[in-house]
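Enquirer: Just passing along the structure, written as structure tokens.
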Amino acid sequence: MKRTLTTPWSSISDFMSALMMVFLFISVSYAYQVSVQSSELEVKSNKIEQITTNYSNKKDEIFNDLNDRFYDRLTEWKAKIDKDSLTLQFQDPALLFEPGSSTLTTHFSYILSQFWVEYVEILKKHEDSIREIKIEGHTSSEWAGASLDESYFNNMQLSQQRTRSTLQECYALTPANSKSWVRKYVTANGMSFSRPIRLTTGKEDSIKSRRVEFTVVVDSRSKLDEIIGELK
């Protein structure tokens with residue numbers, strides 16, 4: 001009987017072959033896992049991009065609807081609409097309130113009668129995407145004979161009274177079938193001079209700072225929750 005001669009080198013060769021197979025298996029497995037993870041990450045990235053795109057598109061839709069409806073009247077109202085913040089700003093204080101008072105001028109009441117019902121009509125179409133409608137009253141920092149701190153609180157009280165008067169006027173104009181919607185979404189906020197309008201020199205523009213703004217707050221919280229859900 002012939003005996004097969006086994007050398008140390010043949011054992012090492014067999015061992016190295018087996019080891020190479022193991023390494024090959026690990027490499028293939030790793031490449032597969034990377035491919036799967038990469039595919040999953042791409043899907044997540046696409047979903048997140050879609051969420052942010054939908055959010056941006058919704059803001060554009062709301063702006064376009066408001067601008068299409070009110071553009072021809074903005075000059076007459078001394079107003080403008082900011083696309084980024086979805087804020088409609090009434091800029092001429094002489095048209096808004098009696099000096100130092102929360103009483104609406106006859107002209108501002110007339111403007112609201114032209115504006116408010118149509119504004120609500122437009123925004124109700126986008127109800128699913130809206131978190132809040134803010135009516136904000138802003139003042140300048142001026143208050144005769146008062147320190148800066150006193151002026152801040154005096155103007156805070158005045159701005160709160162003015163937004164309340166504005167909301168009351170708007171609410172009175174609201175059709176009965178929309179009043180519950182207004183109660184749900186609309187808030188009135190007095191801001192004092194916390195957000196002044198600045199001149200190019202950086203100095204406060206005391207006239208333009210005295211203004212009333214209507215701002216649409218698009219629901220970013222739910223979009224953020226969707227993104228967090230995708231990241232998890």
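Enquirer: Hey, which of these cross-link pairs are over 31 Å Cα-Cα: K58/K203; K59/K208; K80/K124; K179/K203?
Expert: Cα-Cα > 31 Å for K58/K203; K179/K203; rest within.
Enquirer: Next question. At a probe size of 1.4 Å, how large is the accessible area of L173, to the nearest 10 Å²?
Expert: That residue has around 50 Å² of solvent-accessible surface.
Enquirer: Still on this structure, please answer the following. Just to verify a number: what accessible area does D128 come out at with the full protein assembly present, 1.4 Å probe, Å² rounded to tens?
Expert: Here the accessible area works out near 150 Å².
Enquirer: Suppose a student asked you for the relative contact order of the range 48-194, using Cα pairs under 8 Å spaced at least 6 residues apart; what percent would you report?
Expert: 24 percent
Enquirer: Additional query: How much length is gained if the chain between T53 and D205 is pulled fully straight, taking 0.36 nm per residue apart and subtracting their Cα-Cα distance, in nm to one decimal?
Expert: Stretched fully, the T53-D205 segment lengthens by 51.1 nm.
Enquirer: At 1.4 Å probe size, put E76, E132 in order of accessible surface, largest to smallest.
Expert: E76, E132
The values are calculated or read from the model by the stated rules, or taken from the named source; none is laboratory data. Everything quoted here is computed from the prediction, not taken from an experiment. What goes into the accessible areas is simple: the full protein's heavy atoms, side chains included, and nothing from ligands, DNA or RNA. Shrake-Rupley method; radii C 1.70, N 1.55, O 1.52, S 1.80 Å.
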